[in-house]
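Visitor: What follows is a structure written as structure tokens; I'll ask about it next.
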Amino acid sequence: DPFDQDPKRDQRLIVHTDKPMNAESPAPLLSTFVTPVDIFYVRNHLWVPRLVEKEHKLVVELDDGEEKEYTMSDLRNNFQQHKITATLQCSGNRRSHMSQGSRHANGVQWDAGAIGNAEWTGPRLRDVLADAGFNVADPPDELQHVQFVGAEAYGASIPLAKAIDPRGDVILAHQMNGKTLSPDHGFPLRVIAPGHVAARSVKWVHRVILSEEESASQWQQRDYKCFGPNDTEKPNWERAPAIQETPVQSAITCMRREEGKEETKDVVIEGYAFSGGGRKIIRVDISTDNGGTWNQAETDIDPVNNGIRDWSWKRWKYVVPETKILGATVVVKAVDEAYNTQPENHEPTYNIRGNLTCAWHRVKYDP
Ligand code: MTE
Ligand code: MO
């Protein structure tokens, strides 16, 4: 049983499947800007490969077929190290909310906790490609993709343009929140492709391939795509592009009574907002009457990003007298710097695979 080697997990994680491990953070614990490793969601398609740092090698396969090999010590010592704070969000985050609409969406029924924000450290992929002999300043036009292969067989790719963008912040991370990566999160090496769906941040990476083609894996060619709301029987997989950058998202993670105040109790409502592509969250709108009227949440809570663009979620907060929301449905929606916002309900973005669920998040206040 290849799963025998899987690590022990924190009891607080909400487990959806255990072989492979699919477990999310309890939403109220997503209350800090940086998510602690122990409660960071785990999304594995297969088992956790148990790798030995001293033996681990990263092979870079260039467009002419030539290969260059790097040890972990090469990657740690021979390249400038970058610390990027970036949110990873599973393509299926909030899928259960879509399923609560008029139709069920297939896949792990995640609530709002298949997302987390962490500090990732390692060399830039761009620098490693350059070291391997690739001309990052002037790549051939036909070369469009960088494929990643994980040690257990998972694979995915990102556009070459993202990988070589000096402002793209794609790194080969060996640390998470200042410590060596844990087995579940990719020890000893994983890709971090900030602003892209987390499925592209391949864990346990041991091969990087420059290619004219996307990864041939089912996770690139099939699972992480969206189709029309009507396209539920036999989707034509080739018709839809693989998900890369993600749309604007927000969710409520906690509603709690403020302690100590007797007469007019306040309720503190908290959550996150995030957009793909490094697009900044410029506003978070809250309604306490199911979308009838709106107000803005406080968003200046978190420290500034370590990266060049906005790769991290924004934590937000809204305080309201309890009398105003007893029995009411609280709604959140966010706006990013491109003025993209979230759909009112799940119907327009319904897709059979339940990817990129991002409609307004509604939670009934029920103390
Ligand atoms: N990389 C490998 N090698 N194997 C995987 O199963 N899952 C992907 C991505 N990288 C996966 C992988 C998906 S779908 C997600 S959402 C993220 O890893 C989850 O990262 P985490 O478990 O560190 O939260
Ligand atoms: Mo995912």
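Visitor: Which entries of K19/K225; K19/K83; K179/K364; K57/K234; K179/K314 have Cα-Cα distances beyond 30 Å here?
Guide: Details: K19/K225 24 Å; K19/K83 32 Å; K179/K364 38 Å; K57/K234 40 Å; K179/K314 23 Å.
Pairs exceeding the cut-off: K19/K83; K179/K364; K57/K234.
Visitor: Any idea which of G186, P367, A173 is furthest toward the positive side of the dipole for the chain, if Lys and Arg beta-carbons carry +1 and Asp and Glu beta-carbons -1?
Guide: The residue sitting most towards the positive pole is P367.
Visitor: Tell me, what is the percent relative contact order of the stretch 249-364, built from C-alpha pairs under 8 Å that lie six or more residues apart?
Guide: Working: 245 pairs, mean separation 35.5, N = 116.
Relative contact order here is 31 percent.
Visitor: Any idea what the relative contact order of the chain is, in percent, if you count C-alpha pairs under 8 Å spaced at least 6 apart?
Guide: Details: 905 pairs, mean separation 64.0, N = 367.
The value is 17 percent.
Visitor: Here's something else I'd like to know. If you build a Gaussian network model of the chain, linking Cα atoms that sit under 10 Å apart, which residue out of G116, G228, G292 swings the most?
Guide: In the Gaussian network model the winner is G292.
Visitor: For the chain, modelled as a Gaussian network with Cα springs under 10 Å, which listed residue fluctuates most, K179, K234, K57?
Guide: Of K179, K234, K57, the Gaussian network model singles out K234 as fluctuating most.
Visitor: Another question about this same structure. Using just the helices of the chain, give the 222 nm mean residue ellipticity in deg cm²/dmol: DSSP H runs with n ≥ 4 each add -39,500 (n - 2.57), and the total is spread over all residues, rounded to 500. All intermediate terms of the calculation are to be shown ahead of the outcome.
Guide: Numbers: 5 runs with 27 residues, N = 367.
Mean residue ellipticity at 222 nm (helix-derived): -1500 deg cm²/dmol.
Visitor: Build a GNM of the chain with springs between Cα atoms under 10 Å: which of V335, V267, V284 gets the top mean-square fluctuation?
Guide: Ranking V335, V267, V284 by mean-square fluctuation puts V267 first.
Visitor: Just to check I understand the Karplus step: with θ = phi - 60° and J = 6.51 cos²θ - 1.76 cosθ + 1.60, what whole-Hz values come out for the stretch 113-129, glycine and proline as x?
Guide: With the stated coefficients, the stretch 113-129 comes to x, 8, 7, x, 10, 9, 9, 10, 10, x, x, 5, 4, 4, 5, 5, 4 Hz.
Visitor: Moving on to the next point. Please list, by residue number, every one of the GluC sites (Glu not before Pro) in the stretch 221-301 that is coil in DSSP and has at most 13 other beta-carbon atoms within 10 Å. Kindly include the intermediate steps, with their values, before the conclusion.
Guide: Values: sites: E233, E238, E245, E258, E259, E262, E263, E270, E298; in loops: E233, E258, E259, E262, E263.
Loop-located and lightly packed - E233, E258, E259, E262, E263.
Visitor: Let me ask another. So what's the gap between the Cα centers of the stretch 103-172 and the stretch 48-96, to the nearest angstrom?
Guide: 9
Visitor: Here's something else I'd like to know. Report the net charge of residues surrounding H346, where surrounding means a beta-carbon distance below 15 angstrom and charges are Lys +1, Arg +1, Asp -1, Glu -1. The partial results should precede the final answer.
Guide: On the way: positive: R94, R95, R103, K333, R353, R362; negative: D111, E344, E347.
Result for the neighbourhood of H346: +3.
Visitor: Shifting gears a bit: In Å, the Kirkwood hydrodynamic radius of the stretch 249-364 over pairs of distinct alpha carbons?
Guide: Values: mean 1/r = 0.0665 Å⁻¹.
That comes to 15.0 Å for the stretch 249-364.
Visitor: Just the C-alpha atoms of the chain: what Rg/Rh do they give, with Rh taken as the Kirkwood radius? Before the final figure, lay out the partial values.
Guide: Working: Rg = 20.8 Å, Rh = 21.2 Å.
Result: Rg/Rh = 0.98.
Taken together, the values in this text are just the output of simple stated rules run on the coordinates, not laboratory data. Please read all numbers here as calculations on a predicted model, not as lab measurements. Here Cβ is always computed from backbone atoms with ideal geometry, including for glycine, and neighbour counts include all displayed protein chains.
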